[in-house]
């Protein structure tokens with residue numbers, strides 16, 4: 001944040017600012033003005049003034065840039081906003097991952113934490129991610145790792161966990177030194193062709209390594225697991241869906257690029273929450289405002305995996321009326 005004095009904020013002229021330590025000619029927030037002219041000979045004082053020490057030269061002489069304060073604030077905020085949008089808060093549509101999630105999976109892949117390998121401490125995974133790929137502390141990496149292992153947050157988890165990773169009631173996970181993790185089979189599928197020169201690479205934050213810009217994902221992660229994120233001026237909120245329905249819908253779009261939305265709704269009628277909940281939707285207007293309410297089932301965990309119910313709503317864009325269609329699926333998933 002830049003502090004601008006009131007006198008400068010009201011002025012429209014350019015301001016020259018020097019922030020070099022030890023520079024006695026300028027101060028932050030003051031204009032550089034020419035030194036006052038010496039008095040005439042008749043106005044000289046009778047007593048001689050003590051000799052003044054020579055003024056120190058600015059250590060950044062010749063490197064002061066004349067810049068309008070309005071342009072500087074505009075450029076700096078635009079850079080910050082684009083950094084949040086591209087490199088932090090929003091997922092990539094190709095693999096459905098945010099940069100922090102992608103870097104965790106790549107770091108686990110470097111450690112050879114395949115689904116058949118043994119689990120290692122999450123402190124090791126967070127430390128390697130922070131040291132090799134992510135320019136932030138491990139304390140902010142661990143919550144991201146935990147969320148990718150929580151089956152009530154992810155339709156298909158990307159991290160195979162062991163230990164206390166919190167609960168759906170909101171209890172916090174154990175410290176990273178007590179929990180262990182490895183890649184799930186779905187995450188391994190997303191990383192399968194990484195070393196076959198299938199994606200582009202960019203230097204890491206310290207330019208000592210290379211990191212992939214996107215994963216060569218064979219799994220439609222964005223539509224199946226969904227995403228949530230708040231950036232600067234934009235946000236995303238995508239509900240999770242059933243993997244079998246999404247694959248059938250993708251095949252239909254490939255075979256018939258001009259397929260209508262109503263026809264796709266017959267294949268994928270609505271979202272599929274990780275908690276096997278009900279989704280009651282209604283179109284309040286022609287624009288299609290959807291309200292979703294979920295309730296948890298009291299059935300045992302083993303039974304809830306085999307039986308899932310979905311109630312979804314589809315409507316015509318021309319009419320505000322809606323029809324509620326309830327579908328029930330039982331048995332094992334279709335993939």
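The values are calculated or read from the model by the stated rules, or taken from the named source; none is laboratory data. Quick caveat: nothing in here was measured; it's all calculated off a predicted structure. Glycine gets a Cβ as well: all are built from the backbone with ideal geometry, and neighbour counts include every protein chain shown.
Please state which one of 203, 172 is more than 19 Å from residue 122 (Cβ to Cβ), at pLDDT 95 or above and either exposed (fewer than 12 other Cβ atoms within 10 Å of the Cβ) or in contact with a helix residue (DSSP H, G or I) (Cβ under 6 Å, 6 or more places away or on another chain) (or both). Break it down into steps so the answer makes sense when it comes.
Values: 172 fails: more than 19 Å from residue 122 (Cβ to Cβ).
After applying the criteria, what remains is 203.
Within the stretch 120-227, considering only strands (runs of 3 or more DSSP E) that don't extend past its boundaries, which have at least 3 residues that are closer than 17 Å to residue 87 by Cα?
Values: elements: 159-162, 180-183, 201-203, 210-212.
Output list reads 201-203, 210-212.
Does at least one position in the stretch 92-113 carry a residue that is in contact (Cβ under 8 Å) with a residue 12 or more places away in the chain, more than 21 Å from residue 215 (Cα to Cα), outside any helix (DSSP H, G or I) and more than 16 Å from the chain's Cα centre (by Cα)? Outline the logic, then answer.
Restricting attention to the stretch 92-113, the residues satisfying the condition of being in contact (Cβ under 8 Å) with a residue 12 or more places away in the chain are 92-111, 113.
Remaining after also requiring more than 21 Å from residue 215 (Cα to Cα): none.
No, the stretch 92-113 has no match at all.
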